[in-house]
Amino acid sequence: SMAVEGTAADFELNLTEADAPVLDERLDNCVIVQNVPKVSAERLDKLREVLLKVFSFVKVEQLELPQSDEGKTLGFAFVECAERAQAAMLVEKCNGYKLDKKHTFTVTLMSEFNDIVNTAEEWTAPEEKPYEEGDNLQDWLLNENAEDQLVVRHAKMTSIYWNKRESRRVAEERINWTQTYCVWSPKGTYLATLHKQGIALWGGKNWTRILRISHPGVKMINFSPNERYIVTMSDEFPDDAKDPKSIIVWDLKTGAKMRAFPSLQISPNEAGAAWPFYKWSHDDKYFARLTKDAIQIYETPSMGLLDKKAYAIPNIMAFSWSPSDNYISYWVPEEGSRPAKVVIMSVPDMQEMTSKALYSVKDCIMTWQQNGDHMCVKIDRYTKSKKQIFTNFELFHLREKLIPCDQLELKTKIHAFMWEPTGKKFAIIHGESPRIMTSFYELQENGVTLLQEFDKVAGNAIFWSPRGRFCVIAGLQIPGPMSMGGSLAFIDTERECSIMTQTEHSSCSALEWDPSGRYVMSVVSVFRTSIDTGYQVWSFNGRLLQRHMMEGCFEAHWRPRPPTLLSKTDIKKLKANMKEYNSQFEAQDKLSQTKASDELLEQRRKMQRSWEEYRDRVEREYAEMQEQ
Amino acid sequence: EEHQANLKRKLLIEERREEMEAELIEERKRLAAEAAAAAEAKRAEESARLALEAEARERRRKERELEEIERAQALKKIEQLKQTAHGQRAFQGFTEDELANMDADAIMQRQVDQLEKDKREAQAKQKALEKKYDYLERAKRLVEIPKLKQYWID
Amino acid sequence: MKPLMLNGHTRALTQIKYNLEGDLLFSCAKDATPSVWYSHNGERLGTYNGHTGTVWTLDTDYLTTTLATGSADNSCRIWDAETGKCRVTIDTLSAVRTLGFSYDASRLFFSTDATMGNPCELRVFSVSSLQQQGGNASPLQTITLPKGQPKITSAVWGPLDKTIITGHENGELREYDPVTSELIRSANPHTSNFNDIQYSKDMSMFITASKDMSAKVFDTKSFEVLKTYKTERPVNSAAISPLREHVLLAGGQDAMSVTQTAGKAGKFEARFFHLVFEEELGRVKGHFGPINTVAFHPSGRGYSSGGEDGYIRIHEFDRSYFEFEFDH
């Protein structure tokens, strides 16, 4: 500590406002916990012990339990963490923590708590800029170097970067841009930020606010695939059948409220409980929701129930839209002597296009191939003795007459299945831990063909390049027993399938391909670990290109792109001209490389020169000393 | 008197004879013992020689065995390598005899060299692949830009 | 090349050092038995038995005849390097943290920890009087750091054996005169604990490793910071290549914050930087815990590292290491 000299009088004279202590400095590492039990002074230590146990996954520097004059605690606590990221983690993990029946914690960052306390009655979005006519919302598509963007949320900052091959450049960066998280729209036009009072959509060259939607307490959002509508969900309203406010469908062009729905009370395990509750058809024409024994299909833009009634399907367990056509697949379990059934039907005429009877079914998972060419049903079945479970796959071919179906049966446990987005291949991770392996199959003329089984490629998630062919098998750090350490296997599925690179990004918990299929991003999130959070960019074949450690990194997502405007003939023509392009890009790269490296080289040269001077001097001095 | 003297002499002669006989027996015993010791020594020498020879034989046998094992390992290694693509390339142009005479270190060195070469080739191939995909994407985007602008006007 | 893995120690390594020729590698660890190894094949020649606690530090003279070790058992011992016989034991009041033979091997210094009311001391002995009079020989000089001053955590002899350079727990660097015990100068290059100080081959420069996540190269004569290398981890040890313009940094999180590191290969990395450009050249993974100590082979054709995992890894560089050059 600093020694203080002089008298109190000196002090008073010298003090100015600027010298006043800054109280806010460490607010970022502090959280306020509400709904803490109120206890008397005797039980204070016990409460402190309990709380420290609950918060034991972070390093608590200080736990403050304010007391009344009588010594009773006031029902809230201040927690100071060692780091900002840990405070964020505390909020993430303990907000909504049920200590007992009566006490469910509300955990807020101190800094945000102050924001809330200081909030004006009327909500104003941060950094409001007027929307300028002509601010093209697709401006980012005009990047002549074919760069893509990504958003990273870290600590209080939301950053949008241009991804260059081996570096990045900030496109926009704002503090407290969102209160919870942010989401790209499906074609990348908008960045949606969530706030206490609603959502805001941002876009254009200057990241102006395009639209504001007021829906207090918004928790979840879901865009329609063509960005015409958005559905928002809040759990702040007790539902009033006449004026529901839980789930609202909005028109994105006008911001108009199109229709509201009550939040059907569904227990988390029940069918249809997973967000999004309302699933969109590929063309934004319909959105549908699973209810008991029925699917409700709504039409746009009228927002009315198709045929004015729910489509009854007794015992329906799950449904899924085709990504390319207005087809719905669904399944119903066995009932008495009636077998279980998988059905594909067309909308709006509700014609059954195909159906398949299945026996001894425990569970089904339906996965559409991205082009809608194929649909896979993974079926967990009981053996005859009902003691064991085996899996088989029914693979429907939508583009062929009568929708034929191939079968594949596997005796081992299945951990993941994923279609190649643009082709006929699929990958399966299977086996009993610790002997987890990965197999690649292809739908060929003569049925399902095993391309390759890699017994040394283990993982828990499959990520295909959006352009097909290349695939990453990742062992992500995820909640649950299947968690792994961050292993990454980059696989080329051409010909016999080969491993291009086997590597790891320690503790990475998420992985995303860029929209061009050239890059892969692996993310270490503060939700899983506090060490070395950030993201890395790899080439599609597993070469590490960029490494960014960012304190308190929550998540990172590539900005999606709309489908290309190029026709097949355009691409054919372009491919024929690749020679020309190749030499053009080669020259361009060389130039920009030279430009970028010139600066670096100049700096190195300077360092080398001054180093050589230094060494010369040292050697001269040494020689002189020897002479003496 | 004379008789007494004769008796005495006789007794003496008897004694002498007994003495001589005893000496003779002793002498024979000594000779026999010597002979036995000599034989024993000879036998020991012989068995030591045999043991040495056996040891040498054993050593030679072990050496041969080791050699054989090494050769077998070398052959096995070559056989194994022949199954792999890089192994086939590494031993291209070698006759069976030449291969048979290579020792394990040489095989290892060839393998290491071939693996390094393969690695370099694979890296070059991957780099070329990266370039190909990058250039294709960039070409597509360049062609798309005027189309996007036209699309917005329409 | 595959490294040699030496697993003779049962606990975390604290220091490794090559002898002048580089044919031997000396090591000490928290397991109380300093060891000596053939550096070319990793065979252990022997151990130096006698300490009863963690051995923090060691040094040999330039002829590799004598080894000195300093331990948390409150003693400094001098050994016959070849036979492993303990020649002298000097008892202290607290742990011996760092020591060194003067270049001419005529003197030895060691420093002790400030614990249990005992101050941090820097003592200088005549090696010959130690050998004649044993542990009772009186030091040539004792420099006692006043209470409250940061203790010495790493130290080396200065140029021509005229001074002793000390690194302290608060990141302070000092230079003492071992004859007059005068503090010649001090600087504050680091913000946290000094973990290591190692010379360049010609001793015109030295590199420091600090808990503040950086390593720095100094001009020995002027104490001027010539270069700084930044990482995201505490740097436990650093060395300057005797052959190329490279430096080697190693470290890791505190043993406390290391979570699960099970797996086929250890993740803890030694990192190479370009001496002049301060840019990273590459990393070598392998240890299962933080790396506590590194040393270049005197030829510069390899290096060794000692880890919290109890392993020593001896590495020989492959061709690509010698071929790589930065453009400039």
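Among what's in region A:603-628 and is farther than 21 Å from C:Phe223 by Cβ, open to solvent by less than 80 Å² (accessible area, probe 1.4 Å) and not polar (S, T, N, Q), pick the residue that is nearest to the other protein chains (Cβ to nearest Cβ). Out of the qualifying residues, it is A:Arg604.
Of a type in the set (Val, Ile, Thr) and at pLDDT 95 or above, is that true of A:Ile478? So A:Ile478 does not fit the description; no.
Of all residues in region A:39-65, those being of a type in the set (Lys, Arg) and either open to solvent by less than 10 Å² (accessible area, probe 1.4 Å) or not in a helix (DSSP H, G or I) (or both) number 1. Mind checking which residues of region A:247-265 are aliphatic (A, V, I, L, M), part of a strand (DSSP E or B) and open to solvent by 60 Å² or more (accessible area, probe 1.4 Å)? Result: A:Met258, single match. When you check A:Pro466 against the structure, is it farther than 30 Å from A:Lys93 by Cα, in a loop (DSSP other than H, G, I, E, B) and within 17 Å of the chain's Cα centre (by Cα), yes or no? For A:Pro466, the condition - farther than 30 Å from A:Lys93 by Cα, in a loop (DSSP other than H, G, I, E, B) and within 17 Å of the chain's Cα centre (by Cα) - is met. All conditions but one from (1) farther than 21 Å from A:Arg528 by Cβ; (2) modelled with pLDDT of 80 or more apply to A:Glu17; the one that does not is (2).
Listed by first and then second residue, the pairs linking a residue in region C:312-327 that is open to solvent by 90 Å² or more (accessible area, probe 1.4 Å) to a residue that is in a loop (DSSP other than H, G, I, E, B), with Cβ atoms under 7 Å apart and 6 or more places separating them unless they lie on different chains, are C:Glu316/C:Met1; C:Glu316/C:Arg301.
When restricted to residues that are among the hydroxyl-bearing types (Ser, Thr, Tyr), assigned to a loop (DSSP other than H, G, I, E, B) and in contact (Cβ under 8 Å) with a residue 24 or more places away in the chain, region A:286-327 contains 3. The numbered conditions (1) open to solvent by less than 20 Å² (accessible area, probe 1.4 Å); (2) touching an Asp or Glu at 6+ places or on another chain (Cβ under 7 Å); (3) modelled with pLDDT under 90 are all true for A:Pro244 except (2). Residues that are of a type in the set (Gly, Ala, Ser) and buried (at least 20 other Cβ atoms within 10 Å of the Cβ) were ranked within region A:531-574; the one that is nearest to the other protein chains (Cβ to nearest Cβ) is A:Ser539. If you go through region A:575-593 and pick out every residue that is open to solvent by less than 50 Å² (accessible area, probe 1.4 Å) and either over 20 Å from A:Lys164 (Cα atoms) or at pLDDT 90 or above (or both), you end up with 3.
Against the condition in a strand (DSSP E or B) and modelled with pLDDT of 95 or more, how does A:Cys364 come out, does it pass? Criteria not met by A:Cys364.
Scanning region A:487-500 for residues that are surrounded by 17 or more Cβ atoms within 10 Å (Cβ to Cβ) and either touching a residue at least 40 places away in the same chain (Cβ under 8 Å) or in contact with a Phe, Trp or Tyr (Cβ under 6 Å, 6 or more places away or on another chain) (or both) yields A:Leu488, A:Ala489, A:Phe490, A:Ile491, A:Asp492, A:Thr493, A:Cys497, A:Met500.
Here A:Ile230 qualifies as modelled with pLDDT of 95 or more, under 30 Å from A:Leu565 (Cα atoms), not aromatic (Phe, Trp, Tyr) and not in a loop (DSSP other than H, G, I, E, B).
Residues in region B:133-142: is at least one within 27 Å of A:Arg469 (Cα to Cα), open to solvent by 80 Å² or more (accessible area, probe 1.4 Å) and facing chain A (nearest Cβ under 9 Å)? No, every residue in region B:133-142 fails to be within 27 Å of A:Arg469 (Cα to Cα), open to solvent by 80 Å² or more (accessible area, probe 1.4 Å) and facing chain A (nearest Cβ under 9 Å).
Counting only strands (runs of 3 or more DSSP E) wholly contained in region C:167-221, the ones carrying 2 or more residues that are open to solvent by less than 30 Å² (accessible area, probe 1.4 Å) occupy C:173-176, C:194-199, C:205-210, C:214-219.
If you go through region A:214-229 and keep only what is more than 18 Å from the chain's Cα centre (by Cα), open to solvent by less than 70 Å² (accessible area, probe 1.4 Å) and farther than 24 Å from A:Gly96 by Cβ, you end up with A:Asn226, A:Glu227, A:Tyr229. Of the residues making up region A:515-530, just one is within 14 Å of another protein chain (Cβ to nearest Cβ) and within 13 Å of the chain's Cα centre (by Cα), namely A:Val524. So which residues in region A:76-85 are outside any strand (DSSP E or B) and either crowded, with 23+ Cβ neighbours inside 10 Å or in contact with a Cys (Cβ under 7 Å, 6 or more places away or on another chain) (or both), if there are any at all? Once the filter is applied, which keeps residues that are outside any strand (DSSP E or B) and either crowded, with 23+ Cβ neighbours inside 10 Å or in contact with a Cys (Cβ under 7 Å, 6 or more places away or on another chain) (or both), region A:76-85 yields only A:Ala85. The strands (runs of 3 or more DSSP E) located wholly in region C:1-40 that include 3 or more residues which are closer than 13 Å to C:Trp56 by Cα and in contact with a Pro (Cβ under 9 Å, 6 or more places away or on another chain) occupy C:24-29.
The values are calculated or read from the model by the stated rules, or taken from the named source; none is laboratory data. Just so it is clear, the model here is predicted, and its values are computed rather than measured. Positions of Cβ are backbone-derived with ideal geometry, glycine not excepted, and every protein chain shown enters the neighbour counts. Please note that ligands, DNA and RNA were not included when accessible areas were found on the heavy atoms of the full protein model with its side chains. Shrake-Rupley method; radii C 1.70, N 1.55, O 1.52, S 1.80 Å.
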